[in-house]
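Peer 1: Dumping the structure here so I can ask a few things about it.
The values are calculated or read from the model by the stated rules, or taken from the named source; none is laboratory data. The shown structure was predicted, so the numbers you read here are calculated from the model rather than taken from an experiment. Positions of Cβ are generated from backbone atoms using ideal geometry, with glycine treated the same way; all protein chains shown enter the neighbour counts. Surface accessibility is based on the protein's heavy atoms, side chains included, excluding ligands, DNA and RNA. Shrake-Rupley method; radii C 1.70, N 1.55, O 1.52, S 1.80 Å.
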Amino acid sequence: SNHLYKVLYTPVDQDNYLVEEVEIDIHEIKAIPQYSVPKFVSTTYGKTLGDITLPTGWSFVERLDTTVGDAGIHEFVVKFTPDDTANYETIENVIIDVNVNKAEATFTLAKQIITYDGKEHIITTGATLNHNETSVIYLNNKVLNAGDYEVVVMALESDNYTAIQAVLEVKVNKAQQSIDINNFVTSIKYLDNIEAFGYITAQGMLSYEVK
């Protein structure tokens, strides 16, 4: 901006010349503020520039809804705005590095419940990963007899996500016994042997009591 200032002009030969008061027009240029370029700026995959907190006075030139990109180091343009913009310049077009870290992989686990049927089952469902950059791996996932099992589920590290391992619960319920009664009498004489009047077949061992 321009400002008028009154100054006194004192001649060398003051014996013959008067001291004069004159006005001069001075153009003031804004000063360069002191600043430090942000370093060690980091964020996580999947975030936007709006999720990053920069030091006071600094802001991104790009839109704040701009995604930070894949895991790795990326360059972004920032600017520094001083508190006193009337007397200090805004520092434009400063390039900084932003370190984008891998995001944390997570599992959504759903307990698997099946019923014993005499067959071995291989568990390959129940764990849902929060991304599709890799697949879920199931370990120790064979179940047969009734009981509770723990299946190890894991996903390897990918380009943008960390590795993860968890335990998936599996329960094999007991099966309903199947009993087939053939030609079994409804009445017998006292002291007669019940086994002489019919037979019973079932899965597994069968015991019965006459009352």
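Peer 1: If eta is 1.306 mPa s and T is 10 °C, what Stokes-Einstein diffusion coefficient results for the range 24-152, Kirkwood Rh from Cα pairs, in µm²/s?
Peer 2: Numbers: Rh = 19.7 Å.
Stokes-Einstein gives a translational diffusion coefficient of 81 µm²/s.
Peer 1: Would you kindly find the accessible area of His74, with a 1.4 Å probe and non-protein molecules such as ligands, DNA and RNA excluded, rounding to the nearest 10 Å²?
Peer 2: Its heavy atoms expose roughly 60 Å² to the probe.
Peer 1: Hey, got the Cα dimensions of the range 1-59 along the principal axes, in Å, largest first?
Peer 2: 80, 18, 11
Peer 1: Would you work out which of Tyr116, Gly72, Val100 lies farthest towards the positive end of the dipole of the range 53-150? Charges go on Cβ: Lys and Arg +1, Asp and Glu -1.
Peer 2: Tyr116
Peer 1: Mind putting a number on the dipole of the range 1-140 about its Cα centre? Charges go on the C-beta only, +1 for Lys and Arg and -1 for Asp and Glu, and I need it in Debye to the nearest 20. Could you put the intermediate results ahead of the total?
Peer 2: Numbers: 9 positive and 21 negative charges, 273 e Å.
That gives a dipole near 1320 debye.
Peer 1: Moving on to the next point. Which lysines, on any chain, are close to Lys6 with Cα under 27 Å apart, when same-chain ones fewer than 8 places away are left out?
Peer 2: The reachable lysines, counting only those whose Cα sits under 27 Å from Lys6, are Lys30.
Peer 1: On a 25 Å Cα-Cα criterion, which of the cross-link pairs Lys102/Lys171; Lys79/Lys102; Lys39/Lys79; Lys47/Lys111 come out too long?
Peer 2: On the way: Lys102/Lys171 34 Å; Lys79/Lys102 27 Å; Lys39/Lys79 14 Å; Lys47/Lys111 31 Å.
Checking Cα-Cα distances, Lys102/Lys171; Lys79/Lys102; Lys47/Lys111 exceed 25 Å.
Peer 1: Still on this structure: What are the ³J(HN,Hα) values, in whole Hz, obtained from phi via the Karplus relation 6.51 cos²θ - 1.76 cosθ + 1.60 with θ = phi - 60°, for each residue of the range 70-78 in sequence order, with x given for Gly and Pro?
Peer 2: Karplus-based 3J(HN,Hα) across the range 70-78 equals 5, 4, x, 9, 10, 9, 9, 9, 10 Hz.
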